[in-house]
Amino acid sequence: MELTTLAFLIPLLPFAAFVITIFFGRRLPAERGLAAVPAIAAAAGSTLISFFLLLKVLHGAVVEVSHPWFKVSEYLFTVGVSVDPLAALMLIVVSVVGLLVEIYSVGYMHGDSRFSRYFAYISLFVFSMYGLVLANTFFLLFIFWELVGLCSYLLIGFWFEKKSAADAGKKAFITTRIGDFGFLIGVLLLASAGGTFQFSELFGMAQAGHFSSSFLTIATICLLAGAVGKSAQFPLHVWLPDAMEGPTPISALIHAATMVAAGVYMVARCFPLFSASAEASMTVATIGGITALFAATIACTQFDIKRVLAYSTLSQLGYMMLALGCGGYVAGMFHLMTHAFFKALLFLGAGSVIHAVHEQDIREMGGLGGKMKVTSTTFLIACLAIAGIPPLSGFWSKDEILVAVKESHNLGLYAIAVGGALLTAFYMFRLYFLVFCGKEKGEAHESPYVMALPLVVLGVLSVCSGWVGLPWLEHNVAGFLSGGEAHGHHGPDYTVMGMSILVAGAGIFLAYATYIRGWIVRDAFSRRLGPLYSLLYNKYYVDEIYLSLIVRPLVSLTRALFAFDLAVIDGAVNGSARLTVIWSRAKKWVDIYIVDGAVNGVAFLTELAGSVARRTQSGYVQQYALMIVLGLATIVILKLLL
């Protein structure tokens with residue numbers, strides 16, 4: 001089978017699973033998990049094909065094919081796929097995480113009344129994500145970009161009978177649409193200036209200087225708006241924490257490993273455009289740095305286990321954007337890959353905890369490590385990985401980011417990156433110590449094997465997936481992604497490595513001293529911080545600011561316009577009704593008194609005339625003679641007078 005056919009099969013398999021499950025899923029017994037079989041089988045098939053294509057790409061193969069679809073004026077719209085090193089790496093991330101999440105979901109969603117619909121939505125999402133990764137034109141990218149947003153809305157609000165879930169779905173959909181509007185403008189600007197939607201042609205034009213610097217800056221910043229919305233970067237980050245209202249496996253699939261990584265992937269895919277504009281690159285780095293530090297500080301004060309992980313995701317996505325903005329193409333994508341595995345593990349581990357204790361507040365947990373050994377061990381591995389402890393995967397990718405930021409010679413951004421690493425280690429081990437250590441606060445049990453197996457697989461990947469980026473390897477992920485170009489540093493930077501380990505260790509020790517040993521009294525510490533702690537706990541009041549400055553004024557304006565429209569429309573309708581009544585009454589009066597009156601009047605006069613004339617015909621001769629005399633007298637008098 002040709003490679004192009006295999007590439008098309010990757011998204012088509014989950015799409016077929018979606019069609020089968022949405023139409024026939026209810027007929028399959030959910031209690032035995034059979035409704036999940038089409039989705040899992042399709043995910044497994046796509047995963048095998050993705051690994052096969054990765055092997056081919058490692059040996060130098062590149063898949064690039066386009067088929068004409070339709071033409072509008074001079075613009076030719078095509079359907080095609082492209083599998084290069086970047087797409088091959090992203091396919092592995094989406095397929096592996098997607099498959100493991102679907103297997104895990106069989107246990108987590110057991111007994112849900114909409115079991116089959118859940119797997120239909122997941123299959124549709126995976127199809128959309130594959131299409132986004134394989135797209136070779138901006139036109140196709142935008143279509144699948146929007147499909148991913150639709151699937152996110154459906155899955156966040158899956159339990160729509162809960163008002164909070166329904167509101168979270170709407171919030172995610174509306175917020176990301178703001179960024180998508182900018183993304184659409186950027187796509188149209190590039191297509192109108194280049195005369196094509198093809199990535200390869202537009203990238204070639206940018207590298208050849210076909211576009212002016214100012215035009216590229218405007219177009220790429222518009223593209224960045226889409227990434228800011230989809231990857232939940234500041235200031236469009238507010239939807240992601242609320243998106244935790246969806247099922248926990250969805251948080252792992254969409255809001256930790258794949259969908260939110262779509263914005264980072266798009267920036268990496270368009271790296272030739274962004275790298276051609278220094279202003280756009282600095283904008284990417286600045287937004288990423290702000291998001292990384294901003295979200296990390298909030299995560300230190302949250303108590304909902306999923307919200308802590310949500311803000312951790314925001315921070316890590318900011319790290320990736322920071323790397324891309326500083327020219328670290330390899331570093332950003334390398335961290336995207338490793339982060340997908342350990343963050344999916346963290347979310348699935350959180351789901352295992354919630355499934356066991358039916359609680360999300362970490363203050364109500366404790367001592368779960370003894371009763372949930374698989375969950376606690378794998379969760380610890382993920383915490384070590386995200387904190388950046390060697391030799392786990394997160395250490396190697398975070399090291400690449402720190403080196404990329406360091407080589408940009410921007411001291412402020414480097415300080416943000418180091419500070420973010422310290423806070424990451426602190427809040428992750430704060431979470432681990434409060435949940436799995438200390439005194440037991442309730443009953444708990446380990447999750448079933450169908451949920452535990454994905455945790456073990458992701459635990460292994462969290463340990464070793466970063467080894468493909470070891471700086472001592474002659475052929476590592478840097479060479480694979482960059483194709484030999486200088487998008488990453490060459491050789492290890494031992495100074496950065498040492499600082500990274502020191503900072504991570506300091507964060508873990510601070511959490512240990514506070515939440516295990518009690519050397520730092522956390523309540524006293526929070527009271528001493530006072531307003532600063534309140535600021536962080538309330539997430540910098542960003543939601544309240546948006547509510548006061550944007551939402552409420554818009555709602556008030558909308559209500560005012562609605563009231564005005566209602567008054568005008570009702571006034572017009574009521575006025576028309578009144579005129580209709582008046583006209584009806586006037587018409588009735590005319591009918592009665594004019595038309596009917598005229599007819600009746602003629603009849604009355606005719607009857608009166610007949611009655612009078614009838615009286616003159618009495619049959620008496622003397623009466624006739626009298627009338628003749630009176631008539632002649634009248635004629636004589638008139639003649640004399642005239």
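Tell me whether the range 563-577 contains one or more residues that are at pLDDT 75 or above, open to solvent by 80 Å² or more (accessible area, probe 1.4 Å) and part of a helix (DSSP H, G or I). So that I can check it myself, show each step before the final result.
First pass over the range 563-577, keeping only residues at pLDDT 75 or above: 563-564.
Pick out the ones that are also open to solvent by 80 Å² or more (accessible area, probe 1.4 Å) and you get 564.
Retained after the next criterion (residues that are part of a helix (DSSP H, G or I)): 564.
So far as the range 563-577 goes, yes, one or more of its residues are at pLDDT 75 or above, open to solvent by 80 Å² or more (accessible area, probe 1.4 Å) and part of a helix (DSSP H, G or I).
Within the range 448-468, track down each residue that is crowded, with 23+ Cβ neighbours inside 10 Å and hydroxyl-bearing (Ser, Thr, Tyr).
Correct list: Ser462, Ser465.
Consider the range 176-201. How many of its residues are under 18 Å from Lys71 (Cα atoms) and either in contact (Cβ under 8 Å) with a residue 40 or more places away in the chain or touching a Ser or Thr at 6+ places or on another chain (Cβ under 6 Å) (or both)? Lay out the reasoning, then the answer.
Of the residues in the range 176-201, the ones under 18 Å from Lys71 (Cα atoms) are 187-188, 190-199, 201.
Then drop every residue that is not either in contact (Cβ under 8 Å) with a residue 40 or more places away in the chain or touching a Ser or Thr at 6+ places or on another chain (Cβ under 6 Å) (or both), which leaves 187, 190-191, 195-199.
Count: 8.
Scan the range 196-216 and give yes if some residue there is of a type outside the set (Phe, Trp, Tyr) and under 30 Å from Ser251 (Cα atoms), otherwise no.
no
Here are Ala61, Ala39, Ala43: which of them is within 16 Å of Ile10 (Cβ to Cβ) and in contact with a Gly (Cβ under 8 Å, 6 or more places away or on another chain)?
Ala43
Here is a list of conditions, (1) over 30 Å from Gly349 (Cβ atoms); (2) within 16 Å of the chain's Cα centre (by Cα), and Glu201 meets all of them except one; can you say which number that is?
If we test Glu201 against (1) over 30 Å from Gly349 (Cβ atoms); (2) within 16 Å of the chain's Cα centre (by Cα), just (2) comes out false.
Check Gly60 against each of (1) in a helix (DSSP H, G or I); (2) without any contact (Cβ under 8 Å) to a residue 60 or more places away in the chain and name the one condition it does not meet.
Exception for Gly60: condition (1).
Do we have any residue at all in the range 14-36 that's closer than 13 Å to Phe119 by Cβ, crowded, with 19+ Cβ neighbours inside 10 Å, at pLDDT 95 or above and not hydrophobic (A, V, I, L, M, F, W, C)?
yes
Take the residues in the range 307-340 that are hydrophobic (A, V, I, L, M, F, W, C) and open to solvent by 10 Å² or more (accessible area, probe 1.4 Å); name whichever of them is farthest from Ile416 (Cα to Cα).
Taking the range 307-340 and keeping what is hydrophobic (A, V, I, L, M, F, W, C), we get 308-310, 314, 317, 320-324, 326, 330-331, 333-334, 336-337, 340.
Next, from what is left, pick out any that are open to solvent by 10 Å² or more (accessible area, probe 1.4 Å): 326, 337.
On the way: Cys326: 13, Met337: 22 Å.
In this case the residue turns out to be Met337.
Restricting attention to the range 398-444, report how many residues are among the basic types (Lys, Arg), within 29 Å of the chain's Cα centre (by Cα) and either surrounded by fewer than 24 Cβ atoms within 10 Å (Cβ to Cβ) or within 15 Å of Met321 (Cα to Cα) (or both).
Of the residues in that region, 1 qualify.
What residue, of Val83, Val101, Val63, is more than 26 Å from Leu184 (Cα to Cα), touching a Lys or Arg at 6+ places or on another chain (Cβ under 9 Å), at pLDDT below 95 and of a type in the set (A, V, I, L, M, F, W, C)?
The unique qualifying residue is Val63.
Which numbered condition in (1) open to solvent by 10 Å² or more (accessible area, probe 1.4 Å); (2) of a type in the set (Gly, Ala, Ser); (3) in contact with a Gly (Cβ under 6 Å, 6 or more places away or on another chain); (4) closer than 19 Å to Ala135 by Cα is the only one that Ser200 fails?
Here Ser200 clears every test but (3).
Spot the failing condition for Ala88; the list is (1) assigned to a helix (DSSP H, G or I); (2) more than 26 Å from the chain's Cα centre (by Cα); (3) under 28 Å from Glu201 (Cα atoms), and only one is missed.
The number of the failed condition is (2).
Could you grab me the full set of residues in the range 49-88 that are open to solvent by 90 Å² or more (accessible area, probe 1.4 Å) and closer than 16 Å to Ala7 by Cα?
Phe51, Leu55, Leu58, Val62, Glu64, His67
Mind listing whichever residues of the range 154-189 are of a type outside the set (Ser, Thr, Tyr), in contact with a Leu (Cβ under 9 Å, 6 or more places away or on another chain) and open to solvent by less than 20 Å² (accessible area, probe 1.4 Å)?
Correct list: Leu155, Gly169, Ala172, Gly179, Gly182, Phe183, Gly186, Val187.
Scan Phe23, Phe18 and give me the residue that is of a type in the set (Phe, Trp, Tyr) and in contact (Cβ under 8 Å) with a residue 40 or more places away in the chain.
The unique qualifying residue is Phe18.
Within the range 203-214, is even one residue open to solvent by 10 Å² or more (accessible area, probe 1.4 Å), in contact with a Ser or Thr (Cβ under 8 Å, 6 or more places away or on another chain), in contact (Cβ under 8 Å) with a residue 40 or more places away in the chain and in a helix (DSSP H, G or I)?
yes
Return a yes/no flag: does the range 79-96 have any residue that is in contact with a Ser or Thr (Cβ under 6 Å, 6 or more places away or on another chain), more than 30 Å from Ala35 (Cα to Cα) and touching a residue at least 24 places away in the same chain (Cβ under 8 Å).
Yes.
Taking helices (runs of 4 or more DSSP H) that fall entirely within the range 496-556, which contain at least 3 residues that are open to solvent by less than 80 Å² (accessible area, probe 1.4 Å) and in contact (Cβ under 8 Å) with a residue 24 or more places away in the chain?
Those helices (runs of 4 or more DSSP H) span 542-546.
Just the residues that are assigned to a helix (DSSP H, G or I), among the hydroxyl-bearing types (Ser, Thr, Tyr) and open to solvent by less than 10 Å² (accessible area, probe 1.4 Å), please, taken from the range 125-153.
The answer is Ser128, Tyr130, Ser152.
Out of (1) under 29 Å from Met451 (Cβ atoms); (2) in contact with a strand residue (DSSP E or B) (Cβ under 7 Å, 6 or more places away or on another chain), what's the single condition that is false for Gln198?
Here Gln198 meets the rest and fails (1).
The values are calculated or read from the model by the stated rules, or taken from the named source; none is laboratory data. These figures come from a predicted structure and were not determined experimentally. Note that we place each Cβ from the backbone using ideal geometry, even for glycine, and neighbour counts take in every protein chain shown. Accessible surface areas use protein heavy atoms only, side chains included; no ligands, DNA or RNA. Shrake-Rupley method; radii C 1.70, N 1.55, O 1.52, S 1.80 Å.
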